[in-house]
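Below is one structure, written out as structure tokens, with a few remarks after it.
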Amino acid sequence: MSATGRTPAVRRQDTVRYATHGSMAGPVGDAAAADQAHDPAAAPEGTPNMTTPRTPRVLVVGIDGVRHDLLSEVAMPRLAEVAGAGFLVPVEVDADTPTMSGPCWATIVTGVTAAKHGVWGNHLAGNRLDVFPDFATRLAKLDGRRTFVAAGWEPLMLAMSGGPLFRAPGRSSYVAPAADTPEAWEEVDEEVTREAVHVLTTADPEASFVYLGAVDETAHFLGCGSRYRAAMRTADERLGRLLDAVRSRPGHRQEAWTVIVVTDHGHVDTGGHGGTTPEERTAWVACAGPDIPAAPPAGVIRHVDVAAQVYASLGRPADPHWTLDGRPFPVARQAPAAGQDATARVPATVGPS
């Protein structure tokens, strides 16, 4: 990740379609009670008693550079909340994909491998993102859906370093780091979180992506020691604020939220990535939502599957002409019955509470 030399400042980009498309669905059905039992963004009390299906919404939170093996050692209760309501599993970075943020995030948000999207490093030049766009751009452009992206890493958001990866979401917020340091990136992630909480609470995005980069930056400067683990805990607290923002929405009871939390790659102990060690190649994904049972998935999950799951959770069939390499997450069984407390079932791979 590269610094820009500017003090943190939020830039908003709103489109007409974001402001005008769609409307909130009506009251929800009795089946929503079953969904609520394993919805990480569900309100803790009350049960809907109407009959109209809830309106689907998706939140993807990308936390850069979080080692999978350290999840069992670091307390991340809000990530555990998502995992316990659905699942958390390791994801192996594809053998042909460099363990770098550029190609990994491109694969995650486009649903195709590097051979198609053409991003091979942290400089995105030579990409084919016009042919294989990110899910936020595709949904906004083709369907007029309200999408939102918030991040502080330049290639994701700006027409610099071969970017942006996110070409044209309905709404975007970019926060520039004041310096290329762990401290500056903590400030960026804090501002990104505040902006995302504001949008999730007061606006109505149908699909959102929120990027947190301080954990990765800390590893690059300080390795995967105590400061890195502290950054993991802080990222988890910010994840919790995003979940709380969803719960506090005025129309939350009429909505069905799917939450996906994902990392792009790991790090070696001294900090750094780009190689082929298990610590670098092992990423992970957690997911919970109305169509995700609180159980291990029925098959292997890959980075390319994240975008496919976003489309599936919104009820948007993937067009075969998109030639996605991913598929929706394979679920193990039917969702829990109404009243089942799936959030209490936290996988052992998520750290102590």
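The values are calculated or read from the model by the stated rules, or taken from the named source; none is laboratory data. Note that this is a predicted model, so its numbers are computed, not measured. Backbone-built Cβ (ideal geometry, glycine too); neighbour counts: all protein chains shown. Heavy atoms of the whole protein, side chains included, go into the accessibility calculation; ligands, DNA and RNA do not. Shrake-Rupley method; radii C 1.70, N 1.55, O 1.52, S 1.80 Å.
Odds and ends about this structure:
- With a Förster radius of 51 Å applied to the C-beta separation of ALA75 and ALA115, the computed FRET efficiency comes to 0.85.
- Portion, in percent, of the accessible area of the stretch 226-273 that falls on carbon or sulfur, probe 1.4 Å: 49 percent
- Per-bin percent of Cα-Cα distances, the stretch 99-228 [5 Å]: 2, 11, 19, 21, 20, 15, 8, 2, 0, 0
- 3J(HN,Hα) along the stretch 262-271, derived from phi through the Karplus expression 6.51 cos²θ - 1.76 cosθ + 1.60 where θ = phi - 60°, amounts to 8, 10, 8, 6, x, 8, 6, 4, 7, x Hz, with x in place of Gly and Pro.
- Two-site FRET efficiency, THR276 against ALA230, from Cβ-Cβ distance with R₀ of 25 Å, rounded to 0.05: 0.35
- Carbon-plus-sulfur accessible fraction, the stretch 55-106 (probe radius 1.4 Å, protein heavy atoms only): 54%.
- Normalised by 2.2 N^0.38 Å, where N is the number of residues, the C-alpha radius of gyration of the stretch 131-198 stands at 1.18.
- Taking only Cα atoms of the stretch 192-318, radius of gyration then Dmax in Å: 16.4, 47
- Protection proxy ranking, peptides 157-166, 323-332, average beta carbon neighbours within 10 Å, highest first: 157-166, 323-332
- Per residue solvent-accessible surface (Å²) - the stretch 282-335, probe of 1.4 Å: 40 Å²
- Additional length obtainable on full extension of the chain from PHE221 to SER248, 0.36 nm per residue less Cα span: 6.1 nm
- For the stretch 63-72, Karplus couplings with θ = phi - 60° (6.51, -1.76, 1.60), whole Hz, Gly/Pro x: 10, 6, x, 9, 5, 5, 5, 8, 5, 7
- Packing around the peptides 144-156, 119-131, taken as the average count of other Cβ atoms within 10 Å per residue, puts them in this order, highest first: 144-156, 119-131.
- Length-normalised contact order for the stretch 280-336 - Cα pairs under 8 Å, 6+ apart - percent: 47 percent
- The residues of the stretch 134-228 expose on average 26 square angstrom of accessible surface per residue, using a 1.4 Å probe on protein heavy atoms.
- As a fraction of the 1.4 Å probe accessible area of the stretch 165-223, surface on carbon and sulfur atoms comes out at 54 percent.
- Pairwise Cα inverse-distance average, inverted: Kirkwood Rh of the stretch 267-325 (Å): 14.1 Å
- Peptides 246-259, 181-194, 308-321, 204-217 ranked from most to least packed give 204-217, 181-194, 246-259, 308-321, packing being the mean of other C-beta atoms within 10 angstrom over each peptide's residues.
- The label-point distance for ARG194 and GLU237, in a model that sets each label 7 Å from Cα toward Cβ, rounds to 1.5 nm.
- Interchain or long-range residues, amide H under 5 Å from THR52's placed H: VAL28, GLY29
- Taking amide H as placed 1.01 Å from N in the peptide plane, the amide H of ALA168 sits under 5 Å from that of THR137, each at least 5 places away or on another chain.
- Under 5 Å, built H, 5+ apart or other chain: amide partners of VAL61: VAL210, ILE260, VAL261, VAL262
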